[in-house]
Amino acid sequence: SPAQIGVTGLAVMGRNLARNFARRGYTVAVHNRTAARTRELVAEFGGEGDFVPATTAEEFVAALERPRRLVVMVKAGEPTDAVIEEFAPLLAEGDIIVDGGNAHFADTRRRERSLRERGIHFVGAGISGGEEGALNGPSIMPGGPAESWEALRPLLESVAAKAADGTPCTAHIGPDGAGHFVKMVHNGIEYADMQLIAEAYDLLRTVAGYEPARIAEVFRTWNTGRLDSYLIEITAEVLAHTDAATGLPFVDVVADRAEQKGTGRWTVQTALDLGVPVSGIAEAVFARSLSGHAGLREACAELPGPRCQVLDERDAARFADQVEQALYASKVISYAQGWNMMQAASAEYGWGVDLADVAAIWRGGCIIRAAFLDRVRAACAADPALPTLLADEEFAEEVGEAQPAWRTAVATAVRYGVPVPGLSAALASYDALRAERLPAALTQGQRDYFGAHTYRRTDREGAFHTRWGQDRSEVRADG
Ligand code: NBP
């Protein structure tokens, strides 16, 4: 029987996604550049459902029912272009290519435009959840023509994760690059979440003096409250783990150099272009970069700083509670920043992204899945024009209540010399947003002084310039 869907690119992600479709009762055509992978898939997992193995691109395309639905799961970048160029000439008008890889949204926009001219629907779908998610239910963020969503919807809803209320974690995000954009911001927020958790761990270790196993218990407790999330859950697992070779806490034998594959960096680069401050994500990306600069760290290792005194038991317990509040408030800030970034891109590209949908489909399957996202969804649904999550009454109240403890946690970190770029940048963002007057007025004065860049006044309309080098009289600079 003809296959309802095809998957080409059968490394971990593609193989697991193909199995997911097959387990849900779909007939799945499978193909890979190196045919051995296709044979391995069918030999190992053929019993899980109906697979139609194809060796050549022609065989693969011929195995699919019309309109053809073809998922590409290859390495992002040139391999994706190569695969599209291989298949596009074999497809007919109305056929759909889904790119499930981690493409940059600008590439997706380019590919969508070029394939549209050839009558082919191109869908850039962000897929989160790693290999486990691909097999058992990822969060899927498709962007592309609305017609193709109708053709893909039943299949994607069937394989996607289900949120606690049973709704599938997939929705049409918007045209062309919208899906990959949202996936990129997801990954940026993931960086910020991980950095904040790492800083909280560092404070509990260094200032409260807790051992990793005890910190694991603290995280387990936090995971029963408002911080309930996959990342907090796995943090506890990693901290509780003992290295078999040495008997030491696992976290103590791992080299402290964090690596990255690039989606966090893309988020920050794109945010700079859009002019949206995403300081939480930026600090997380920079923190990973700094950790990897061995020479720089070695050159600075002897620089003076305060001696860290571990708190006594009672103060440590109080401090741990303050750290929870700092972590939660900072998390709200970094989500608010990510949300602003999606709003800005949606306006810039005319995508019409529904941010309540985005929160809803991140509730399950993806790496940042969290109970918290149900509240973000509710806030966006209640007011689709919400300028920031901080304007939501509930979030505003919570962050407002957390802020004294948040300040104490950050101040303590500063006093003890523990770096907390994520927690402190979030607090700075909060204080800047709520400030009645910002020193930006002085910045404008400086710009006018050295570059005649002009300024606006608080009391009158128009642009003005002061003749700094002459008599310092003010002149109108517009009209
Ligand atoms: P990889 O990113 O490691 O890519 C390997 C696949 O790409 C293989 O099937 C390989 O075929 C194929 N390929 C390459 Br490389 N160059 C090709 C070319 N020129 N023509 C045809 N095929 C080519 O696989 P992955 O880790 O499964 O990830 C797949 C996609 O999903 C990536 O875009 C990734 O960023 C994204 N993603 C991954 C994860 C994750 O947790 N790993 C999570 C979310 C998204 P071969 O077998 O013949 O070499």
Discussion item. Of everything in the stretch 261-308, what is modelled with pLDDT of 95 or more, surrounded by 14 or more Cβ atoms within 10 Å (Cβ to Cβ) and either on the phi > 0 side of the Ramachandran plot or in a loop (DSSP other than H, G, I, E, B) (or both)? Give them in sequence order.
Written reply: VAL276, PRO277, VAL278
Worksheet item: Using beta carbons and a limit of 6 Å, which pairs, at least six apart or on different chains, have the first residue in the stretch 10-22 and in contact (Cβ under 8 Å) with a residue 12 or more places away in the chain and the second one within 8 Å of the ligand (Cβ to nearest atom) and small (Gly, Ala, Ser)?
Response: MET13/ALA134; ASN16/ALA134; LEU17/ALA134
Practice prompt. Determine which member of the set TYR191, TYR210 is among the hydroxyl-bearing types (Ser, Thr, Tyr) and either within 18 Å of GLY94 (Cα to Cα) or surrounded by fewer than 24 Cβ atoms within 10 Å (Cβ to Cβ) (or both).
Written response: TYR210
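Considering GLU131, GLU85, which residue is within 10 Å of the ligand (Cβ to nearest atom), open to solvent by 60 Å² or more (accessible area, probe 1.4 Å) and in contact (Cβ under 8 Å) with a residue 24 or more places away in the chain? Show your work before the answer.
Working: GLU85 fails: in contact (Cβ under 8 Å) with a residue 24 or more places away in the chain.
Exactly one of GLU131, GLU85 is within 10 Å of the ligand (Cβ to nearest atom), open to solvent by 60 Å² or more (accessible area, probe 1.4 Å) and in contact (Cβ under 8 Å) with a residue 24 or more places away in the chain, namely GLU131.
In the stretch 333-357, which residues are aliphatic (A, V, I, L, M), over 16 Å from GLY177 (Cβ atoms) and surrounded by fewer than 24 Cβ atoms within 10 Å (Cβ to Cβ)?
Kept after step one, since they are aliphatic (A, V, I, L, M), are these residues of the stretch 333-357: 333, 336, 341-342, 344-345, 347, 353, 355-356.
Then keep just the ones that are over 16 Å from GLY177 (Cβ atoms); that gives 333, 336, 355-356.
Across the stretch 333-357, the qualifying residues are LEU355, ALA356.
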Discussion item. Being in contact (Cβ under 8 Å) with a residue 40 or more places away in the chain and within 14 Å of the ligand (Cβ to nearest atom) is the filter here; which residues of the stretch 88-98 pass it?
Written reply: VAL98
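Select from the stretch 435-479 the residues that are over 30 Å from LEU390 (Cβ atoms), open to solvent by 100 Å² or more (accessible area, probe 1.4 Å) and outside any loop (DSSP other than H, G, I, E, B) and list them in ascending order.
Of the stretch 435-479, the ones over 30 Å from LEU390 (Cβ atoms) are 448-454, 460, 462-479.
Still in the running and open to solvent by 100 Å² or more (accessible area, probe 1.4 Å): 449-450, 460, 470-472, 476, 479.
Once the filter is applied, which keeps residues that are over 30 Å from LEU390 (Cβ atoms), open to solvent by 100 Å² or more (accessible area, probe 1.4 Å) and outside any loop (DSSP other than H, G, I, E, B), the stretch 435-479 yields TYR449, PHE450, ARG476.
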Discussion item. Here are the criteria: (1) crowded, with 16+ Cβ neighbours inside 10 Å; (2) more than 8 Å from the ligand (Cβ to nearest atom); (3) among the aliphatic types (A, V, I, L, M); (4) not in a strand (DSSP E or B). Tell me which single one VAL74 does not satisfy.
Written reply: (2)
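Restricting attention to the stretch 160-206, report how many residues are among the aliphatic types (A, V, I, L, M) and in a helix (DSSP H, G or I). Let's see the steps before the verdict.
Applying the first criterion (among the aliphatic types (A, V, I, L, M)) to the stretch 160-206 yields 160-161, 163-164, 171, 173, 178, 182, 184-185, 189, 192, 194, 196-198, 200, 203-204.
Restricting the remaining residues to those that are in a helix (DSSP H, G or I) gives 178, 182, 184-185, 189, 192, 194, 196-198, 200, 203-204.
Residues meeting the conditions: 13.
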Fill in: Filtered residues of the stretch 27-69 (kept if assigned to a loop (DSSP other than H, G, I, E, B), free of Cβ contacts under 8 Å to residues at least 60 places away in the same chain and either exposed (fewer than 15 other Cβ atoms within 10 Å of the Cβ) or within 12 Å of the ligand (Cβ to nearest atom) (or both))
ASN32, ARG33, THR34, THR55, THR56, ARG66
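State yes or no: is LEU115 more than 15 Å from the ligand (Cβ to nearest atom) and either part of a helix (DSSP H, G or I) or farther than 25 Å from ASP176 by Cα (or both)?
Numbers: more than 15 Å from the ligand (Cβ to nearest atom): yes; either part of a helix (DSSP H, G or I) or farther than 25 Å from ASP176 by Cα (or both): yes.
Yes.
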Response to the item:
Sole miss for GLU131 among (1) part of a strand (DSSP E or B); (2) of a type outside the set (Val, Ile, Thr); (3) closer than 16 Å to VAL7 by Cα; (4) within 20 Å of the chain's Cα centre (by Cα) is condition (1)
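The values are calculated or read from the model by the stated rules, or taken from the named source; none is laboratory data. What you see is a predicted model, and the numbers here were worked out from it, not measured in a lab. In this analysis, Cβ positions are derived from the backbone assuming ideal geometry, glycine residues included, and neighbour counts consider all displayed protein chains. Note: accessible area is taken over every heavy atom of the protein model, side chains too, but ligands, DNA and RNA are not part of it. Shrake-Rupley method; radii C 1.70, N 1.55, O 1.52, S 1.80 Å.
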